[in-house]
Amino acid sequence: MSSPVSYSREGRIAIITVDNPPVNALALPVRAGLASAFAQLASDADAAGAVLICAGRTFIAGADITEFDKPIEEPWLPKVLAQIENSNKVVVAAIHGTALGGGLETAMSCHYRVAATTAQVGLPEVSLGLLPGATGTQRLPRLIGVQAALDAMISGRPLSAKVAHQKGLVDELVEGDLKAGAVAFAERFIASGQTPRKVRDIAVDTSSLPADFFATYRKNIARETRGFYAPEQIIQCVEAAVSLPFDEAVAVENRLFMGCMTSSHSRAQRHLFFAEREVAKIPDVPKDTALRPIKQVAVVGGGTMGGGIAMNFANVGIPVLLKEISQEALDRGMSIIRANYEGPVKKGKLSQEAMDKCMSLITPTLDYKDLASADLVIEAVFETMAIKKVVFGELDAVCKPGAILASNTSTLNVDEIAACTKRPEDVIGLHFFAPANVMSLLEIVRGGKTSHEVIATSMAMAKTIRKMGVLVRVCFGFVGNRMFFPYVREAQRMILEGVPAERIDRVAFEWGMAMGPNGVSDLSGLDVLDKVNKEWKEKPADPAYCRMIEVLVGMGRYGQKTGAGIYKYEGRNAVPDAEVAALAKAEATRLNVPQIEVSDEEIIERLLYSMINEGALILDEGIATRASDIDVVFCHGYGMPRYRGGPMKYGDEVGLATVVAAMEKYRKRYGDLYWTPAPLLAKLAAAGQKFTP
C-alpha cells in the first residue's frame, strides 16, 4: 500500500505532499509518512529546503477523531512536529482550504507559512471538549499574541487567511499557483542566507498584558463558557506559555490534554460531533433519491412562529409568500419580521442592505390562490387539529401537483392531517423551534405515507436554511416534546411536594441546562402547555399531572407574556412568588400529595431519568432512528449542554444500571405509572450495554 505522503523535488526545493482524501486527516499513515518524508529531506544532499503542501481540496483539516478513544500509536503527532521544526533546512507550509486543529499545529511547526487568499486556519478543538494538544497552545501565542490566541482557541472559530496574515500567523498570501508561490518563498529565504526560524524560539510578548489579565479574561468569558471543562484548561496552557520555558509548558499542555481527552465532557462532545453527521443518514431512503426543487415557499400563519419560519428562507435567498386571514394580522406579522431584522441591524450584525433584500423576498397575501405556485407550503397556525385540517383542505385544493405540504405541528398526528388531503405522500411535519429564526433544530416528521422524495427534499432543505434536521416518526409530541413532558411533569410534581420552583431551576441550571424547567414553561407559555395537555388523548389518568399549570392558567397567569406564571416577572427577571407556593400547598392537600424533603441529586434523577426512560420507549417504538438522534434533538432544541451529550449519552455516562436502580426506587414511592423501566432500558442495563456503543 502506497504512503499518503509523497516526496519529490523541484530543483533544490523538496515537495512533500499529503494526499489522504477527503480532508487529509492526520491518521497514523499520514503521521508515519510525514516522519519518513522529513527523514528523507534531512538525508537529501541536493535539497536546500522544503514545501509542505496537500493534494485535494484542503490542507490538513485536523486529526483523525476516530483515533481518540484508542491507544496512542507512534509516531505521535508532537514528535513528528518536533522533527519538522528541528530541520536545518527551511520548511514552508503551503495552506489552501482549511488548516484546522492538528493541521494548523503542523503548519506552525514549519518555519514559515504561506496561504491562498481563500484559506482558513484555526484551532477548533474546544468544540470537542479538547485543547490543541500538539503544541498549539504554545505556538499560537508566540505568533499572534496572548489575547488573540486565547480568543481563537476558546471560541474555536477559524481565521481567514487575510486576518491570519495581518496577525502574523501567515507570512505571505499567494495569489494564483500556491505551490509556485511557496517554492518562490523558500528560494528567496535560502538566497537570504538566514537560519530557519523556529516558532518555539519566539518569545511570547507580554509587554501589553496587565497584571490581572488572566483573571479578567476568565471573568469575561465565564458566561459564554459556563460548565465547559476545556476552556479553563486552554487558559492554563497559555499561562504556562507565558511563564515557563517551551518544553516545560509543552509538558503542561500534554498533561492537560490527556485530562480533557479522558473527561466525560470530551466524550460527550465527540459523541455529538459524530451524531450530527449520522443524523442525515436515513436507512430506508436511498442516497440517490431525487430531490424536488424548492424555489418558492409559502407560510400559512404570520404570527411569531410563522414569521420566524419565513425569515429562514428569505435569509438564504428563497422567496416566501406569507398568508394570513386578515390585513390587520398580516400587517402585524410583517411588522414582527421587520423588528426581528432591525435588532441585528442596530447591533451592526446585519447590514441595512441585507435586511432590505430579505424583506423584499417576503410577500404578504390574504388569498390561498396565491400559493398555487409554491414548491413548499408550511402551515404555522394554532396547535389545534380542527384548524389544521381546515388549512390542509384549502392547500390541497389550490397547491400544484408535487408541492410539499408541511405542518409546523409540535405534537399532533401528521397522518391525521395528511388524511385530509388527496396526496398524503406529499405531507410531512416540519417542527420548527421558537424563535424559529434563531433555533437550530428542525424536527422532520415523516408520516406513514410520506414519500422518500419528500423526506429527502426536507432533509436537504433543512441544510439549506442552516438547520439541524432530525427525522422522526409520528406519535404525540414526536421525540422532543414527548420527552420534554416527563421533564416538566416531574418539576410540577416536585412543586406540589413543597420543593421551591426556583430551587428546581437552580439545580437544573447548575447541571448545565440553559434554563430550568419552570422558567422554560413560563417562557413557552403555560397556556400553550395547558392546551397541549388538553389535546393529548392519552394523557395519564393522574389528577396531579401538571396540576399547577392548569391552576395558574385558570388564574390568567400564562408566564412571561402576562407578567406572572410559576414566577412573577419584573421585566424578564423571574421572581419567586409566595402565592404560587401557597397554591401548591393547598392543591397538594386536596390531592393527597405528601410534602417531602428532596436532595439535589433526586431533582436531577427525576428530571433526567424520566426523560431517558421515555427515550428508550421511543427507540423501542421506532419513533427515532438512533439514540444519538435523540441527543441531537435535545442539544439543538432544548438547551441541553453539549458537554452532557444529550439525555441518552448522559444515561450511558452514569450507567444504565444506575438509571434503572433509581427508577425502581421511585417506582416503590410512586407506583408503576411513570417509573416502570422501559423494556429496552432494562434489557441494556441487565447486559451492561449502552444506548450508543
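The values are calculated or read from the model by the stated rules, or taken from the named source; none is laboratory data. Given the structure is predicted, the values throughout are model-derived calculations rather than measurements. Counting neighbours? That spans all protein chains shown, and the Cβs are built from the backbone with ideal geometry, glycine included.
For segment 420-465, the set of residues classified as of a type in the set (A, V, I, L, M), touching a Lys or Arg at 6+ places or on another chain (Cβ under 6 Å) and not in a helix (DSSP H, G or I) consists of Leu442 only.
Give me the helices (runs of 4 or more DSSP H) completely within segment 246-320, filtered to those with at least 1 residues that are of a type in the set (A, V, I, L, M, F, W, C) and surrounded by fewer than 18 Cβ atoms within 10 Å (Cβ to Cβ), ordered by residue number. Before you say what the answer is, go through the steps one by one.
Numbers: elements: 246-261, 264-278, 304-314.
Fully inside segment 246-320 and qualifying: 246-261, 264-278.
Would you check if there is a residue in segment 50-59 being over 30 Å from Gly193 (Cβ atoms), basic (Lys, Arg), within 33 Å of the chain's Cα centre (by Cα) and at pLDDT 95 or above? Full working, then the answer.
Going through segment 50-59, the residues over 30 Å from Gly193 (Cβ atoms) turn out to be 55-58.
Those still in the list that are basic (Lys, Arg) too: 57.
Within this subset, residues satisfying the condition of being within 33 Å of the chain's Cα centre (by Cα) are 57.
Checking which are at pLDDT 95 or above leaves us with 57.
Scanning segment 50-59 turns up at least one residue that is over 30 Å from Gly193 (Cβ atoms), basic (Lys, Arg), within 33 Å of the chain's Cα centre (by Cα) and at pLDDT 95 or above.
Residues are listed down the side, and each one gets a yes or a no for (1) surrounded by 18 or more Cβ atoms within 10 Å (Cβ to Cβ); (2) closer than 24 Å to Phe485 by Cα; (3) assigned by TED's automatic domain parsing to the domain that holds Leu526:
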residue: Asp356; (1), (2), (3): no, no, no
residue: Ser360; (1), (2), (3): no, no, no
residue: Pro401; (1), (2), (3): no, no, no
residue: Thr409; (1), (2), (3): yes, yes, no
residue: Val414; (1), (2), (3): yes, yes, no
residue: Ile417; (1), (2), (3): yes, yes, no
residue: Thr421; (1), (2), (3): yes, no, no
residue: Val438; (1), (2), (3): no, yes, no
residue: Leu441; (1), (2), (3): yes, yes, no
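Any residue that is within 30 Å of Gly645 (Cα to Cα) and either touching a residue at least 40 places away in the same chain (Cβ under 8 Å) or aliphatic (A, V, I, L, M) (or both) - is there at least one of those in segment 139-147? So far as segment 139-147 goes, yes, one or more of its residues are within 30 Å of Gly645 (Cα to Cα) and either touching a residue at least 40 places away in the same chain (Cβ under 8 Å) or aliphatic (A, V, I, L, M) (or both). Inside segment 189-241, can you point out the residues that are under 19 Å from Gln147 (Cα atoms) and hydroxyl-bearing (Ser, Thr, Tyr)? Scanning segment 189-241 gives Thr206, Ser207, Ser208, Thr216, Tyr217, Thr225.
Among the residues in segment 466-481, are any aromatic (Phe, Trp, Tyr), buried (at least 23 other Cβ atoms within 10 Å of the Cβ) and not in a strand (DSSP E or B)? Yes, segment 466-481 contains at least one residue that is aromatic (Phe, Trp, Tyr), buried (at least 23 other Cβ atoms within 10 Å of the Cβ) and not in a strand (DSSP E or B).
Results for (1) in the same structural domain as Ala119 (by TED's automatic domain parsing); (2) among the polar types (S, T, N, Q); (3) in contact with a Leu (Cβ under 8 Å, 6 or more places away or on another chain); (4) touching a residue at least 24 places away in the same chain (Cβ under 8 Å), shown as yes or no for each residue.
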| position | (1), (2), (3), (4) |
| --- | --- |
| Ile15 | yes, no, no, yes |
| Asp19 | yes, no, no, yes |
| Pro29 | yes, no, no, yes |
| Ala32 | yes, no, no, yes |
| Gln40 | yes, yes, no, yes |
| Ala45 | yes, no, no, no |
| Ile53 | yes, no, yes, yes |
| Thr58 | yes, yes, no, yes |
| Ala61 | yes, no, yes, yes |
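The set of residues in segment 28-60 being within 19 Å of Leu104 (Cβ to Cβ) and part of a loop (DSSP other than H, G, I, E, B) consists of Ala55, Gly56, Arg57, Thr58, Phe59, Ile60. Number of residues in segment 18-49 that are among the polar types (S, T, N, Q), surrounded by 13 or more Cβ atoms within 10 Å (Cβ to Cβ) and under 16 Å from Val90 (Cα atoms) equals 1. For segment 163-177, which residues satisfy the criterion of being within 15 Å of Leu143 (Cα to Cα) and assigned to a strand (DSSP E or B)? Within segment 163-177, just Glu172 meets the criteria. Annotation for segment 203-213: at least one member residue is assigned by TED's automatic domain parsing to the domain that holds Asp151 and either crowded, with 18+ Cβ neighbours inside 10 Å or closer than 23 Å to Gly512 by Cα (or both).
Just to be sure before I move on: is Leu412 in contact with a strand residue (DSSP E or B) (Cβ under 9 Å, 6 or more places away or on another chain) and part of a loop (DSSP other than H, G, I, E, B) in the structure I sent? Reasoning before the result, please.
Working: in contact with a strand residue (DSSP E or B) (Cβ under 9 Å, 6 or more places away or on another chain): yes; part of a loop (DSSP other than H, G, I, E, B): yes.
When the stated conditions are applied, Leu412 passes them.
In segment 321-347, the residues that are in a helix (DSSP H, G or I) reach residues that are surrounded by fewer than 15 Cβ atoms within 10 Å (Cβ to Cβ) and of a type in the set (Ser, Thr, Tyr) with C-beta atoms within less than 8 angstrom, at least six apart or across chains, in these pairs: Val345/Ser351. I'm trying to understand the selection: among the residues of segment 168-202, which are free of Cβ contacts under 8 Å to residues at least 12 places away in the same chain and surrounded by 13 or more Cβ atoms within 10 Å (Cβ to Cβ)? Of everything in segment 168-202, those that are free of Cβ contacts under 8 Å to residues at least 12 places away in the same chain and surrounded by 13 or more Cβ atoms within 10 Å (Cβ to Cβ) turn out to be Ala180, Ala184. Among the residues of segment 376-388, those that are in contact with a strand residue (DSSP E or B) (Cβ under 7 Å, 6 or more places away or on another chain) and either part of a loop (DSSP other than H, G, I, E, B) or among the aliphatic types (A, V, I, L, M) (or both) comprise Leu376, Val377, Ile378, Ala380, Val381.
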